[in-house]
Amino acid sequence: MKPRGSKKVALFTESVIREMTRLAQQHGGVNLSQGFPDFPAPAAIKQAACEAIEADINQYAVTWGARPLREAVAREFTRRYGVRVQADAQVTVCCGSTEAMMSAMLAAVDPGDEVIVFEPFYENYGPDAILSGAVPRYVTLHEPDWTFDPDELVRAFNTRTRAIIINTPNNPTGKVFTREELVAISRLCQKWDVLAITDEIYEHIIYDGHAHVPIATIDGMADRTITINSLSKTFSVTGWRVGWAIAPPELTASIRKVHDFLTVGAAAPLQEAGAVALALPDHYYDELAREYCRRRDLLLDILERHHFTCYKPYGAYYIMTDIGAFGFPDDVAFARYLVTDVGVAAVPGSSFYHDPGLGRTKLRFCFCKRDETMMEADRRLAKLTVAAGR
Ligand code: GLN
């Protein structure tokens, strides 16, 4: 008998985002698929990591995270948003926000519980739900501005609902949830005794005067919210794998148990560097947002000139596009053609929907790239314009 994987693993596929990066490498494609920067991280964070290794911070940190990082996470959340966070009882450092989300789900959700997910969604939430035994319930974010229908949201809640996953600023749409939307969500969470699990990894990457509102700051939500974030996007260190979850003390105890047995802990010297990074002045964050806004406008211009219909993002570093104009049967075929024949990698829209049919005319590009990288994509996409005339 051939060995086979578990039944639950058969229920989801390999990450399409990560597969696109491999295809880009294989075909020498310009990689505008997986969201990671191709420019250096800030000197201060790199130097702090080197110093931590030199200082022999090379053994396990305490499983729930080195104290300086937990204190920095708590201090910054309180300073920015006025919500008290206890570093000792409410912060768990994980191996990236990916593990923080998985640990949060495993810690908070029982098999059969329903979890509400806004769709399109970051692809990890699907496998996260399956691995934790949750039954996902999708609520549509309607293009072009990715708003949800309040009645549809009301209908998604019931006595089996355990949690709702929010991701703001949003990947892949660039939507920034408004305070009014979050208040509507929070009323339902309180009515139905539901947890909010919120992925706020793009907190500082936000444009055009939009403001990030953590749902933990809405009345009545601090004690029913798990807020997830990471160093990855804010400090351009996606490969460091240092993220965290802020949660009420009882939930934190559960998250820490799961986290400890999953990974023991995140890289100790990089946690020390994270504490240094979180102490950077506000000017750092202003500059980060300003630079990404410039990159967004550059990629919007490129994609629009090459006949993609773009949904302008107000946060995060992705542009969702519609590819209807190119006459391809589906997004996966188009993405493959784009990477193999044109030399540009992007993510097929179907990987952000539970029913692939819903994403068939969509493609996601990222702009966390150097100008030269995006300009090379521009040159290559010229070929596509010709192909579009077929
Ligand atoms: N968040 C990034 C994206 O959506 C990268 C995800 C990952 O591969 N961990 O592309």
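Hydrodynamic estimate: the Kirkwood radius of the chain over Cα pairs, inserted into Stokes-Einstein at 10 °C and 1.306 mPa s, corresponds to D of 74 µm²/s. Computed over the chain with a Gaussian network model linking Cα atoms closer than 10 Å, the most mobile of 334, 77, 367 is 77.
How would you order 166-179, 280-293 from highest to lowest mean count of nearby Cβ atoms within 10 Å?
166-179, 280-293
Hydrophobic, long helices, defined as DSSP H runs whose alpha-carbon span along the helix axis is 15 Å or greater and whose mean Kyte-Doolittle value is at least -1.0, occur in the chain at 16-27, 43-54, 96-108, 179-192, 249-263, 371-388. Over every Cα atom in the range 51-143, the radius of gyration and the widest Cα-Cα span, Dmax, amount to 17.0, 51 Å. Within the range 119-265, the proportion of C-alpha pairs whose separation exceeds 18 Å stands at 60%.
Determine the gain in length on full extension of the stretch residue 76-residue 59; use 0.36 nm per residue of separation and subtract their C-alpha separation, reporting nm with one decimal.
3.5 nm
Pairs of Cα atoms nearer than 8 Å and 6+ residues apart set the relative contact order; for the range 249-362 it is 14 percent. Computed extension length for residue 297-residue 154: 47.9 nm, one decimal, from 0.36 nm per residue of separation with the Cα-Cα distance subtracted. Highest mean first, the peptides 264-270, 142-148, 43-49 sorted by other C-beta atoms within 10 Å per residue fall in the order 264-270, 43-49, 142-148. Once the Cα-Cα distance is subtracted from the 0.36 nm per residue extended length, the residue 372 to residue 1 segment shows a gain of 128.3 nm. Which residue, chosen from 251, 139, 154, occupies the Cα position most advanced towards the positive end of the dipole of the range 130-266, where the dipole is computed from +1 (Lys, Arg) and -1 (Asp, Glu) charges on Cβ about the Cα centre? Checking the options against the dipole of the range 130-266, the answer is 251.
Is it possible to state the helix-based mean residue ellipticity at 222 nm for the chain, with each DSSP H run of 4+ residues giving -39500 (n - 2.57), the sum divided by total residues, to the nearest 500 deg cm²/dmol? What is it?
Helix-only estimate at 222 nm: -12500 deg cm²/dmol.
Each Lys and Arg adds +1 at its Cβ and each Asp and Glu adds -1 at its Cβ; summed about the Cα centre, the chain shows a dipole of about 720 debye.
Would you mind classifying the range 301-343 by shape? Square roots of the alpha carbon gyration tensor eigenvalues, ordered a ≥ b ≥ c; an a/c under 1.5 is rounded, otherwise it is prolate if a/b is larger than b/c and oblate if not. The shape class here is prolate.
Throughout, read-outs are computed from the coordinates displayed, never taken from laboratory work. As the structure is a computational prediction, the values presented were derived from the model and not from experiment. Methodologically, a virtual Cβ is constructed for each residue, glycine included, from the backbone with ideal geometry; neighbour enumeration extends over all protein chains shown.
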